[in-house]
Amino acid sequence: NRVFYAIGTKKELEKNNILHKKKVLQKEYNSNYFKASDKRSLQVIPCYNKKVKVLTGQPADSYRIETTADGMKSIIITNAARFWGTTNFLVIQVG
């Protein structure tokens, strides 16, 4: 039930080989950059940024992006089984 997610700017994701030539997780990447969580309890991922883009293949109908009062965005997982069904890794680009 362990899942992993990484949030970073394009530059940060490239520096850690998570994003390489517009492809996600295609090279040996820095696994320490990812945060581990339990997919049964992870429902909200605060991104602390106004621009958010999911780079991995989670189905668009399994989550939504919400904006808080201060303009910051969060990923809200609405269907965990579908969201994590294709991969246990989530990559979010901010900025």
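The values are calculated or read from the model by the stated rules, or taken from the named source; none is laboratory data. No experiment lies behind these values; they were computed from the predicted model shown. Neighbour counts run over all protein chains shown; Cβ positions are idealised from the backbone, glycine included. Ligands, DNA and RNA are stripped out before the accessible areas are found, and what is left, the full protein with its side chains, is counted by its heavy atoms. Shrake-Rupley method; radii C 1.70, N 1.55, O 1.52, S 1.80 Å.
Legend: Rg and Dmax of segment 21-67, from Cα coordinates, 12.7, 33 Å. Computed on the chain, the Cα convex hull volume stands at 92 Å³ per residue. Please work out how much accessible surface Ser41 shows to a 1.4 Å probe, ignoring ligands, DNA and RNA, in Å² rounded to 10. Spelled out: Ser41, probe radius 1.4 Å, area about 80 Å².
Ignoring aspartates and glutamates fewer than eight residues from Lys51 along the same chain, the ones with Cα atoms less than 20 angstrom from its Cα are Glu12, Glu14, Asp61, Glu66, Asp70. For segment 41-88, the list of chymotrypsin sites (Phe, Trp or Tyr not before Pro) that fall in a loop by DSSP and count at most 13 other C-beta atoms within 10 angstrom reads Tyr48. Residue-wise HN-Hα couplings along segment 37-48, as the Karplus relation 6.51 cos²θ - 1.76 cosθ + 1.60 with θ = phi - 60° gives them from phi, are 8, 9, 5, 6, 10, 7, 10, 10, 10, x, 9, 6 Hz; Gly and Pro carry x.
For Lys21, the lysines whose Cα falls under 19 Å of its own Cα, not counting residues fewer than eight places away in the same chain, are Lys10, Lys11, Lys53.
Quick one: with all protein chains in place, what share of the accessible area of the chain is carbon or sulfur, to the nearest percent (1.4 Å probe)? It would help to have the intermediate numbers written out before the result.
Numbers: 2770 of 6000 Å².
So the carbon and sulfur contribution to the accessible surface is 46 percent.
Taking a Cβ cut-off of under 12 Å around Asn16, the surrounding Lys, Arg, Asp and Glu residues balance to a net charge of +1, with basic ones at +1 and acidic ones at -1. Across Thr86, Thr68, the residue with the most accessible area heads the list, and the full order at a 1.4 Å probe is Thr86, Thr68.
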